[in-house]
Amino acid sequence: MSFEPFNWTCSVCGRPTTVVQTNIATSSASLDCGATAEDAAVNISATLIECPNPECLAQDVSVDAHFGTASRGSNYLYVRPDPARPVGIGKFRFIPSVAKPLSGYVPRVVQEDYAEANLILQLSPKSAAALARRALQGMIRDYWGISKGTLADELKATEDKCDPELYLALQGIRAVGNIAAHPERDVNLIVDIEVGEAESLIEVIHLLDQEWYVAREKRRQRVVKAHELAQLKKMEQGR
């Protein structure tokens, strides 16, 4: 059977691309649900697509299951679609929960909030934004040792410690996250949060990891290396 390339957009990096045969794998199986020749059966097919973007390479898996009637042979089970059950069981999609994982230098609770925000992003951008807000607060309290009554006060205390543009991005997380975490009192006023907006907040959390935690660790390693070199030279001179 010949393969026809098709257009596809990665759910992780968002880059439109064309899926070719080297980027996709499929498999199927039939499950026998009865003992007679025309009993019900279930056909399950799985598709795995790997993003061809070398900076992403995320794997998107979908599973499709539908009812049918079984035709059996000596070594096969063929499932014909059942017109009486046109909807089938359903199609399920499993996408990577975290596109860009945080480093191991970030507190575990922040990593969990970040991972959950990625996982829920497509289903509930509001929940993802609220989790990004909580992850930000956790990072500020851990990295800067600042703990005040509100996130707004904690952010204010970091203003002179952050790059101005980065500080504005942090205020954006707080503002949008507040909408998600604390809905308007007027229940008739619905403030929507788009997937792209919540995704931008999550990306800033990853940036903070790089700007704060990873940079601090690299600086620490350079200092340790310089200290070890100084000690080695001192030992050599003492010989």
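Read-outs throughout are calculated quantities, based only on the coordinates presented, and are distinct from any laboratory measurement. Predicted model only: the values in this text are computed from it and were never measured. Ideal geometry is used to build each Cβ from the backbone, glycine not excepted, and the neighbour counts take in all protein chains shown.
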_Modelling each spin label as a point 7 Å along the Cα-to-Cβ direction, I'd like the residue 6/residue 44 distance in nm, to one decimal._
2.2 nm
*Given a cut-off of 27 Å, name the pairs among 100/218; 148/218; 148/225; 100/161; 126/161; 156/225 whose C-alpha atoms lie farther apart than that in the structure shown.*
148/218; 148/225; 126/161; 156/225
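Once you sort the root eigenvalues of the Cα gyration tensor of the range 110-153 as a ≥ b ≥ c, which label holds: rounded (a/c under 1.5), prolate (a/b larger than b/c) or oblate (the other case)?
Numbers: a/c = 4.78, a/b = 2.00, b/c = 2.39.
Oblate shape, in that a/c is at least 1.5 and b/c is the bigger or equal ratio.
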